[in-house]
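The structure appears below as structure tokens.
Values quoted throughout were computed directly from the atomic coordinates according to the rules given, and no laboratory measurement underlies them. Owing to the predicted nature of the structure, the values given are computational and were not obtained by experimental measurement. Every residue, glycine among them, receives a Cβ derived from its backbone with ideal geometry; neighbour counts consider all protein chains shown.
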Amino acid sequence: MTWKRNDVNYKYIKIYRDILLISGVFLFIFDQHVLFVIIIFLLCFVLIQLLYFQKVGSGLTFVNEKKRVRLMKGTTSHFELTFKNKGMPIWNGTITIAFHDSVAPVRANNISSSGFFEVNVPFSIGYNKTVTIQVPIVGSRRGLSRFRGIDINIPHPLTEGSIILNYQPYILMEAMVYPTIYPIKEEFLPTRLKPGELELNSSLFVDPFFPIGTREYEQGDQFNHIHWKASARTQQLQTKIFTKVTNVSVLFLVNLADGYRMVHDFEEKIEWLASNVEACYKANVPFGFGLNIRASGKRPFVFVPLGSGDVHRLNALELLSILSVSNITIPVENIIKYIDSHEEMPVSVRVFSHNMEKYHSILTPWEQKANVTYLTEQEEGDYVK
């Protein structure tokens, strides 16, 4: 059953019908023809209402398609609800939708104590018609907003009473609010490597940030690798020579536990990580991250392996969007040991944790394999605001 029907004041309409019917019989018996006609006229109204209540909504369909609306905190979008009607027309109805408060209606009506917004929207639809309703929303906080329900209140056009249709199937439409992303200053971009670190004699990759000299231009050299100042000085085109390095990549390891509790700056750490993810994506740098939050599956903690591209970025941001302070944490040591023995070590590792001295000894071997950076707190210079 798609719609559950609830009748409001339906029993009173039946009482009116019975009263009018009995009155009509007595008036007919006592030859009160004028009053009899009036009663019959009113009885027809009531019978039409009963018929309408029995049939209305039976041909109404909600197009329940899986759709995710993606937005950032403070940005706007909309839910789009489509209805098709093959039955009785609906006039002057009202749709009430309730959804989780990760997003808020642009014109907020109210919010319930359970953390859901409720929005009322006028609704009318004729026979064999399709109607699409747009509900403007704004991202209010990081998280996933799902629908709690859709109700349609259908009043009778002639007399009192109404039918309330409650949509029973699970509603597939949802909205996801990504973590707030700040632009990162250039010197914090993970593509930066220190001169001389991880240099190789033979590699398919070079570090474009650190030219180590020039040579004469050869056919096929990239135009943006020409050193114009050196070319002007020697009166011959000169091409920059770069340090050969392994493929630039970065792994973020973030500690979100403070003993057995979640850290007080949980949101700030999530935003820091999301901002770095976005910076890596824009710089076309493969990235991954590990968080000491328990997860089911191949790895016992939240982990995104090294990768790049649009899909990888989207999966990473969506994972960060649904994390909660109510998640269960695990010791950081478990993550370090697992990554050390099961995962590919990247060129660069950034570790973000309080009490860093506690983990420095077990992270020291990583310094022989990668460029490891330690952060104990979010510094004011991390973001361009």
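The amide H of SER140, built 1.01 Å from its N in the peptide plane, has GLY74, VAL103, ALA104 as neighbours under 5 Å, considering only residues 5 or more places off or on other chains.
Listed by Cβ neighbour count within 10 Å, with the fewest neighbours leading, TYR338, TYR178 appear as TYR338, TYR178. Per-residue Karplus couplings for region 294-301, computed as 6.51 cos²θ - 1.76 cosθ + 1.60 with θ equal to phi - 60°, are listed in order as 5, 9, 8, x, 4, 10, x, 9 Hz, Gly and Pro entered as x. In this structure, the amide hydrogen of SER348, modeled 1.01 Å from its nitrogen in the peptide plane, lies closer than 5 angstrom to those of SER249, VAL250, LEU251, ASN371, counting only residues at least 5 positions away or on a different chain. Qualifying trypsin sites (Lys or Arg not before Pro) in region 269-324, where qualification requires a DSSP coil assignment and no more than 15 other C-beta atoms within 10 Å, comprise LYS298. Our summary gives region 250-382 a relative contact order of 29 percent, counting only alpha carbon pairs under 8 angstrom and 6 or more residues apart.
Remark: for residue pairs LYS4/LYS55; LYS66/LYS129; LYS73/LYS129; LYS67/LYS282; LYS66/LYS269, the C-alpha separation exceeds 24 Å in LYS73/LYS129; LYS67/LYS282; LYS66/LYS269. Put simply, region 250-382 fits an ellipsoid with semi-axes of 19, 18, 16 Å; these come from the alpha carbon gyration tensor as the roots of five times its eigenvalues, largest first.
Along region 44-54 the Karplus relation, 6.51 cos²θ - 1.76 cosθ + 1.60 evaluated at θ = phi - 60°, assigns HN-Hα couplings of 4, 4, 5, 5, 5, 5, 4, 5, 4, 5, 6 Hz to successive residues, with x for each Gly and Pro. Across region 260-266, rounded Karplus estimates of 3J(HN,Hα) from the backbone phi angles (6.51 cos²θ - 1.76 cosθ + 1.60, θ = phi - 60°) give 9, 10, 6, 4, 5, 9, 4 Hz, Gly and Pro being marked x.
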